[in-house]
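Chemist: Supplied in structure tokens, the structure appears directly below.
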Amino acid sequence: MTSRPASQTKTRTALQNPLQMLLPDPFPDITDQPSAGPVIALRGQTLGDQTIDTSLGQALMAAFLRTLAGNPAPPTALLLYGSAVLLAGSQSPVLDLLAALQKHGCEILCCQISCAALLEGGKPAVGQLADWIDLTDRMQKARQVLWP
């Protein structure tokens with residue numbers, strides 16, 4: 001804990017405490033620390049909305065993942081659910097990008113319900129299966145959650 005000059009402490013105490021009681025500095029956050037980088041949640045295998053062509057949406061997703069994989073600070077986690085789990089399937093054209101992200105410390109979590117419904121064998125080729133307790137836990141602990 002850093003010590004404050006007496007003048008700063010008195011000013012702080014007077015402003016925050018009209019009874020002139022000495023108040024302690026706030027404790028540092030001792031609960032679960034938020035993750036350093038963002039958590040990225042992907043709900044589909046393409047980026048964009050329904051108004052663009054599927055091939056454009058796939059190209060946008062590939063460019064997005066390529067950019068993430070090339071960044072020196074990867075996201076803390078990549079959460080895949082819905083058709084996004086197909087990105088982690090053995091036939092995915094972006095499997096190498098997901099593997100590179102994982103190698104650089106990005107946790108890749110794939111919704112087990114979506115994998116059971118959409119992936120042959122029910123398991124991703126990259127990443128690990130996760131239930132919604134794990135997925136929401138990562139979102140809650142994240143400093144920032146992105147849904148591109």
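The values are calculated or read from the model by the stated rules, or taken from the named source; none is laboratory data. Please read all numbers here as calculations on a predicted model, not as lab measurements. Heads up, the Cβs are rebuilt from the backbone with ideal geometry, glycines too, and the neighbour counts pull from every protein chain shown.
Chemist: Pairs, please: C-beta under 7 Å, at least 6 apart or cross-chain, first residue farther than 10 Å from residue 79 by Cα and in region 132-148, second of a type in the set (S, T, N, Q) and at pLDDT below 95?
Modeler: 141/35; 142/35; 143/35
Chemist: Run down 134, 49, 96 and say which single residue is among the acidic types (Asp, Glu) and within 19 Å of the chain's Cα centre (by Cα). Quick ask: steps written out before the conclusion?
Modeler: Working: 49 fails: within 19 Å of the chain's Cα centre (by Cα); 96 fails: within 19 Å of the chain's Cα centre (by Cα).
None of the other options fit; the residue is 134.
Chemist: Here is a follow-up. Please give the number of the condition residue 58 fails out of (1) out of contact with any Asp or Glu (no Cβ under 7 Å at 6 or more places or on another chain); (2) more than 18 Å from residue 147 (Cα to Cα); (3) crowded, with 17+ Cβ neighbours inside 10 Å.
Modeler: (2)
Chemist: Among the residues of region 86-96 satisfying the criterion of being in contact (Cβ under 8 Å) with a residue 12 or more places away in the chain and more than 21 Å from residue 135 (Cα to Cα), which is surrounded by the fewest Cβ atoms within 10 Å (Cβ to Cβ)?
Modeler: We begin by selecting, within region 86-96, every residue in contact (Cβ under 8 Å) with a residue 12 or more places away in the chain; these are 86-90, 92-95.
Add one more test, that the residue is more than 21 Å from residue 135 (Cα to Cα), and what stays is 90, 92-94.
Details: 90: 12, 92: 19, 93: 10, 94: 22.
Only one residue fits best here, namely 93.
Chemist: Among the numbered conditions (1) modelled with pLDDT of 95 or more; (2) in contact with a Leu (Cβ under 7 Å, 6 or more places away or on another chain), tell me where residue 62 comes up short.
Modeler: (2)
Chemist: Let me ask something else about it. Could you run through region 63-96 and say how many residues are part of a helix (DSSP H, G or I) and touching a Pro at 6+ places or on another chain (Cβ under 7 Å)?
Modeler: Within region 63-96, the first condition is being part of a helix (DSSP H, G or I), and the residues that meet it are 63-70, 82-88, 95-96.
After this cut, where a residue has to be touching a Pro at 6+ places or on another chain (Cβ under 7 Å) as well, the list is 64, 68, 85, 88.
Within region 63-96, residues that are part of a helix (DSSP H, G or I) and touching a Pro at 6+ places or on another chain (Cβ under 7 Å) number 4.
Chemist: While we're here: Determine whether residue 115 is part of a helix (DSSP H, G or I), without any contact (Cβ under 8 Å) to a residue 40 or more places away in the chain and surrounded by 15 or more Cβ atoms within 10 Å (Cβ to Cβ).
Modeler: On the way: part of a helix (DSSP H, G or I): yes; without any contact (Cβ under 8 Å) to a residue 40 or more places away in the chain: yes; surrounded by 15 or more Cβ atoms within 10 Å (Cβ to Cβ): yes.
The answer is yes for residue 115.
Chemist: Take the residues in region 9-35 that are closer than 30 Å to residue 88 by Cβ and surrounded by 11 or more Cβ atoms within 10 Å (Cβ to Cβ); name whichever of them is modelled with the highest pLDDT.
Modeler: Initially, region 9-35 is screened for residues closer than 30 Å to residue 88 by Cβ, giving 32-35.
Cutting the leftovers down to surrounded by 11 or more Cβ atoms within 10 Å (Cβ to Cβ) gives us 34-35.
Working: 34: 51, 35: 54.
Result: 35.
Chemist: So, one more: If I ask for residues that are among the polar types (S, T, N, Q) and more than 13 Å from residue 45 (Cβ to Cβ), which ones from region 91-123 would you list? So that I can check it myself, show each step before the final result.
Modeler: Step one: filter region 91-123 for residues among the polar types (S, T, N, Q), giving 91-92, 102, 112, 114.
Residues satisfying the conditions are 102, 112.
Chemist: Working only within region 120-148, note down all residues that are under 14 Å from residue 84 (Cα atoms), touching a helix residue (DSSP H, G or I) at 6+ places or on another chain (Cβ under 7 Å) and either of a type outside the set (Gly, Ala, Ser) or not in a strand (DSSP E or B) (or both).
Modeler: 122, 123, 124, 125, 126, 127, 129, 148
Chemist: Which of the numbered conditions does residue 141 fail, given that it passes all the others? Conditions: (1) surrounded by fewer than 19 Cβ atoms within 10 Å (Cβ to Cβ); (2) more than 14 Å from the chain's Cα centre (by Cα).
Modeler: Going through (1) surrounded by fewer than 19 Cβ atoms within 10 Å (Cβ to Cβ); (2) more than 14 Å from the chain's Cα centre (by Cα) one by one, residue 141 breaks only (2).
Chemist: Considering region 71-85 alone, what residues qualify as being more than 16 Å from residue 38 (Cβ to Cβ) and surrounded by fewer than 20 Cβ atoms within 10 Å (Cβ to Cβ)?
Modeler: If the condition is that a residue be more than 16 Å from residue 38 (Cβ to Cβ) and surrounded by fewer than 20 Cβ atoms within 10 Å (Cβ to Cβ), then 82, 83 are the ones that fit.
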